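All remarks here apply to the structure that follows.
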């Protein structure tokens, strides 16, 4: 069988993403968890954070059993969305996306894509923060949130599928890797960019203007504010979580790899909020 084509950085297409359990391959308890996450996050997909965790036997099931009260009550979602609101954003030079071939329908679709990631990323930060406490062998003993009648907001529309890097031209693959990060030697490219890469000329311009913002002072300030707010909310929520079900933690040998993945999402999730809002605002 022929090997996958190499990228400009010498990496094969097959090496460009963390291993995940796709939604259409999920069965049994994991499929049920996926469905509940879609409903509670109010988006039509499950994030790569949970899809990656699902590849480690028992870990998504155990984590969800312990943490779901914070999400079924809406406490975690509302806290994450509240922290992400009105963040100070770094400046992004204005440009007309139509110059790169986007139609009116494309512009609306890009706005929906950004809205999805801006909605999901703060909630994933809450999930990751609560899980990190469990991995540190802390165990909640709170009263939970009995009788909470929380309802999620209306779900966002179904988003376009993420671009398969194997189908992208060399310039697009290079731009994807520029916007990616590294997890244990494996490049990880957030889903926001993999969807926007479906418009190559527009995406190439985005890569050029966004990469310098990764280390800009304004981006750092927004990132620090978001993470500080999430961390504070996580401490309060964890203290109120009820005791976890009487089930043994899955294979503890996986903990270093899980922590590494959580570190990655702690870096990319603020990016999704900050850059998702910047990209969406630029469309206006």
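The values are calculated or read from the model by the stated rules, or taken from the named source; none is laboratory data. From a predicted model like this one, the values you see are computed outputs, not experimental measurements. Every residue, glycine among them, receives a Cβ derived from its backbone with ideal geometry; neighbour counts consider all protein chains shown.
Values for this structure:
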| item | result |
| --- | --- |
| Boolean, residue 202 is buried (at least 19 other Cβ atoms within 10 Å of the Cβ), modelled with pLDDT under 90 and assigned to a helix (DSSP H, G or I) | no |
| Residue 196 farther than 26 Å from residue 277 by Cα and surrounded by 21 or more Cβ atoms within 10 Å (Cβ to Cβ) | no |
| Residue match in the stretch 99-112 (condition: in a loop (DSSP other than H, G, I, E, B), at negative phi, crowded, with 16+ Cβ neighbours inside 10 Å and modelled with pLDDT under 95) | yes |
| Test: residue in the stretch 253-261 that is part of a helix (DSSP H, G or I), closer than 30 Å to residue 199 by Cβ and touching a strand residue (DSSP E or B) at 6+ places or on another chain (Cβ under 7 Å) | yes |
| Tally, over the stretch 52-62, of residues that are in a helix (DSSP H, G or I), in contact with a helix residue (DSSP H, G or I) (Cβ under 7 Å, 6 or more places away or on another chain) and within 16 Å of residue 28 (Cβ to Cβ) | 4 |
| Pairs, first in contact (Cβ under 8 Å) with a residue 40 or more places away in the chain and at negative phi in the stretch 131-148, second crowded, with 16+ Cβ neighbours inside 10 Å and part of a loop (DSSP other than H, G, I, E, B), C-beta under 7 Å, six or more apart | 139/244; 140/241; 140/244; 142/241; 145/73; 148/73; 148/74 |
| Qualifying residue in the stretch 240-252 (condition: assigned to a helix (DSSP H, G or I) and within 25 Å of residue 84 (Cα to Cα)) | yes |
| Of all residues making up the stretch 20-44, the number that are buried (at least 20 other Cβ atoms within 10 Å of the Cβ) and either outside any helix (DSSP H, G or I) or touching a strand residue (DSSP E or B) at 6+ places or on another chain (Cβ under 8 Å) (or both) | 2 |
| Residue satisfying condition, being assigned to a helix (DSSP H, G or I), over 19 Å from the mean Cα position of the chain (by Cα), in contact (Cβ under 8 Å) with a residue 12 or more places away in the chain and crowded, with 20+ Cβ neighbours inside 10 Å, within set 76, 121, 66 | 66 |
| Top-ranked residue of the stretch 8-19 - restricted to ones that are touching a helix residue (DSSP H, G or I) at 6+ places or on another chain (Cβ under 6 Å), closer than 21 Å to residue 161 by Cα and outside any helix (DSSP H, G or I), ranked as modelled with the lowest pLDDT | 16 |
| Breaking point among (1) more than 23 Å from residue 231 (Cα to Cα); (2) surrounded by 17 or more Cβ atoms within 10 Å (Cβ to Cβ); (3) at pLDDT below 90, for residue 149 | (2) |
| Unique residue being closer than 21 Å to residue 40 by Cα and assigned to a helix (DSSP H, G or I) when the list is 234, 211, 158 | 234 |
